[in-house]
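Engineer: Once you've had a glance at the structure underneath, I'll fire off some questions.
The values are calculated or read from the model by the stated rules, or taken from the named source; none is laboratory data. Worth saying up front: this structure is predicted, and the values here are computed from it rather than measured. Here the Cβ is made from the backbone with ideal geometry for all residues, glycine too, and neighbour counts use every protein chain on show. Ligands, DNA and RNA are excluded from the accessible area calculation, which covers all protein heavy atoms including side chains. Shrake-Rupley method; radii C 1.70, N 1.55, O 1.52, S 1.80 Å.
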Amino acid sequence: MRKRSRPDTAEVGRLMQWLRQHEDEMATLLAELVAIPTENPPGRDYRACADVLEDRLRREGLECERFETSKQTEKTGDSPVCLIGNYGRGERVLYFHGHYDVVPAQSPEQFQPIRKEHFLFGRGSCDMKGGIAAMLYAILVLKECGAEIDGKIALTLVPNEETGGDDGSAWLASEGRLGRNGIGMLLAEPTSGVVWNANRGAISLRVRVLGKSAHVGLQHQGENAFERMHRVVHRLGELKREVEKRVTSCAVGTEQAQNSILMLGGQSGGGTNFNVVPEECWFTIDRRINPEENLKEEKDRLIAVLEACKGEGTPLEWEVLQEGHSSECRRDEDLGEALAGSVKAVTGEAPRFEMCPGLLEVRFYGA
C-alpha cells in the first residue's frame, strides 16, 4: 500500500521464499476447504466452511468479524455466513475478496481432494477456494516478514456468489459493511493469467408461454403454446439482431467477441407428449451487457417486448433468474499499476488486462 514505482527485487525474493516454505500448509488448508461440499445451489455446508475459515483466521492472529443473515437456505436449513478478517492498522483499507460456495459437483468424489506435486484437484480448488488460500497466505507472508503497510488489508469471504450474491456480497453492501473505507479491491477468481478490470452485466429471465391442451386429433380445440412461443422468440430475435451490433471498447480475450450478447433458449421445454397440444412452453433469455450499456434500460427493453406480445394476445409470464451490473476500472489506476508490477516481478511478464465475459463481484465494490 506504499506507493513505489516498482517492486523491490530483494523483498520480492524474501516473500516468495517464505511462501515456498509454506506450500504444504497452503495445500493442506485448501484440501480441507475443498472437502467441505459447499454446493450452490442449494447452498449447503456454509456454516461448516465458515467455521473452518474463521478458526484459521483467528489462529493466525487476525481480527475476524462474522455476519450471519437470518435467512435460512430453503433446502438445507443452513444460514449464509460472511466473514471479514483484518490485518494492519489505519483508516485506509485494501480489500481481498473471495467466495467459498461452488457450483454443484457431478459426483461426490469431486469433494475428495487429490494432490499431484504442485497441483491440487477437486471441486472448488480453482473457483475459488484456491484463491481464498492464496489471499490468506498473501496476508500472512506480509505479517510474518514484517512488511510495512500504511493501512489495513481486509479479507472478505462470502457465500452465494454462484447465484448472484444475495445474502453474500449484496447483503453486506445493503448493511453498509462492504468495502468500508476501501481504497481498492482484489478478487482472486481464476483468470488464466490475465487481469480482469471489467465485467459484463447480466439480466436473465425464464419466460412461460401458455396455451390449452388437446389431443392431436382434436388440436383445433386446443391452443398451441409452442407456436405462440415461436412468435415471442421471433420478436425477441429482432431485438437480438439490434443489440448484438453494439461493441465494447474494453479489451476482450481472443476467444471472445466485443459484441453485446442476447442468447435465447439456453434452456427450454414444454409439452407432455408428441400427440398432445402443448399447454405450456418455456425458454430462457440471457442478456449480457457491456459496460457502456445501462442495465435498467436494457432490462426495460426486454420487458417491453414481452409486454407487447402479451398485449397482442399471447398469454405469457416471466421471472428474473439473475440480475447484475457491469463494471469497469481503468488499468492505469494505482492499484492496477501496482498489480501489474507485482505480476511482472514474480512471472517476468506484464499481464494483459481484459474484460471478464461473465459477472464479477467487483461490481458491488464499484457501486
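Engineer: Tell me, what is the per residue accessible area of the chain in Å², probe radius 1.4 Å?
Structural biologist: 52
Engineer: In whole percent, and with a 1.4 Å probe on the protein chains, what portion of the accessible area of the range 276-367 is carbon and sulfur?
Structural biologist: Values: 2330 of 4850 Å².
Taking all protein chains in place, the range 276-367 shows 48 percent carbon and sulfur surface.
Engineer: Taking H as built 1.01 Å from N, whose amide H comes closer than 5 Å to the amide H of L186, not counting residues under 5 places away?
Structural biologist: It is Y95, F96, H97, by chain and number.
Engineer: Considering the options L94, G348, L316, tell which one lies farthest towards the positive end of the dipole of the chain, charges being +1 on Lys and Arg and -1 on Asp and Glu at the Cβ, about the Cα centre.
Structural biologist: G348
Engineer: Also: Work out the length of the dipole vector of the range 71-126 about its Cα centre, built from +1 on the beta-carbon of each Lys and Arg and -1 on the beta-carbon of each Asp and Glu, and round it to the nearest 20 debye.
Structural biologist: 160
Engineer: Determine the sum of side-chain charges near M128: Lys and Arg each +1, Asp and Glu each -1, restricted to other residues whose C-beta is under 12 angstrom from that of M128.
Structural biologist: Taking every Cβ under 12 Å from that of M128, the sum is -4.
Engineer: I've got another one for you. Report in % the part of the accessible area of the range 11-120 that belongs to carbon and sulfur, leaving out ligands and nucleic acids; probe 1.4 Å. List each step's numbers first, then the result.
Structural biologist: Working: 2930 of 5870 Å².
With neighbouring chains kept in place, the figure for the range 11-120 is 50 percent.
Engineer: What fraction of the Cα pairs in the chain, stated in percent, has a spacing above 37 angstrom? Intermediate values should be presented prior to the final figure.
Structural biologist: Numbers: 20088 of 67161 pairs.
The share of Cα pairs beyond 37 Å in the chain comes to 30 percent.
Engineer: In debye, nearest 20: dipole of the chain around its Cα centre with unit charges on the Cβ of K, R (+) and D, E (-)?
Structural biologist: With Lys and Arg at +1 and Asp and Glu at -1, about 500 debye.
Engineer: To continue, here is another question. Would you please state which residues of the range 159-184 a label at A48 would reach in this model, taking the label point 7 Å out along Cα→Cβ and a backbone N cut-off of under 18 Å?
Structural biologist: Answer for the range 159-184: 159-160.
Engineer: Using the Karplus equation 6.51 cos²θ - 1.76 cosθ + 1.60 (θ = phi - 60°), what ³J(HN,Hα) coupling, rounded to whole Hz, does each residue of the range 13-28 give in order, writing x for Gly and Pro?
Structural biologist: Per-residue couplings from phi come out as x, 5, 5, 5, 4, 4, 5, 4, 5, 10, 4, 5, 4, 4, 5, 5 Hz.
Engineer: Starting from 0.36 nm per residue, how many nanometres of slack lie between K344 and S174 once their C-alpha separation is accounted for?
Structural biologist: Additional length available on full extension: 57.5 nm.
Engineer: Which of K116/K344; K245/K299; K143/K344 have a Cα-Cα distance over 21 Å?
Structural biologist: K116/K344; K143/K344
Engineer: Hey, another quick one. Given the whole protein assembly as supplied and a 1.4 Å probe, what does the accessible area of H118 come to in Å², nearest 10?
Structural biologist: Here the accessible area works out near 140 Å².
Engineer: How far, in nm, would the chain grow between K71 and A134 when pulled straight, counting 0.36 nm per residue and subtracting the alpha carbon separation?
Structural biologist: 19.7 nm
Engineer: How big is the dipole moment of the range 263-313 about its Cα centre under a simple scheme where the beta carbon of each Lys and Arg is +1, that of each Asp and Glu is -1, and everything else is neutral? Debye, nearest 20, please.
Structural biologist: The calculated dipole for the range 263-313 is roughly 80 debye.
Engineer: Between Q322 and E238, take the C-beta separation as r, use R0 = 25 Å, and let me know the FRET efficiency to the nearest 0.05.
Structural biologist: 0.55
Engineer: Which longest run of the chain has no exposed loop site in it, a site being GluC sites (Glu not before Pro) in a DSSP loop with at most 15 other beta carbons within 10 Å, and the site itself not part of the run?
Structural biologist: 1-73
Engineer: Any idea what Rg and Dmax come out to for the range 216-259 if you just take the C-alpha atoms, in Å?
Structural biologist: 18.6, 56
Engineer: Additional query: For T347, tell me the accessible area in Å² from a 1.4 Å probe, rounded to the nearest 10.
Structural biologist: Around 90 Å² of this residue is reachable by solvent.
Engineer: Okay, moving on. Of all DSSP beta bridges located in the chain, what percent are antiparallel, nearest 5?
Structural biologist: Around 75 percent of the beta bridges assigned by DSSP in the chain are antiparallel ones.
Engineer: If you don't mind, there's one more thing I want to ask. If R0 is 45 Å, what FRET efficiency do you get for E60 and K296 from their C-beta distance, rounded to 0.05?
Structural biologist: Working: r = 43 Å, r/R0 = 0.95.
It comes to 0.55.
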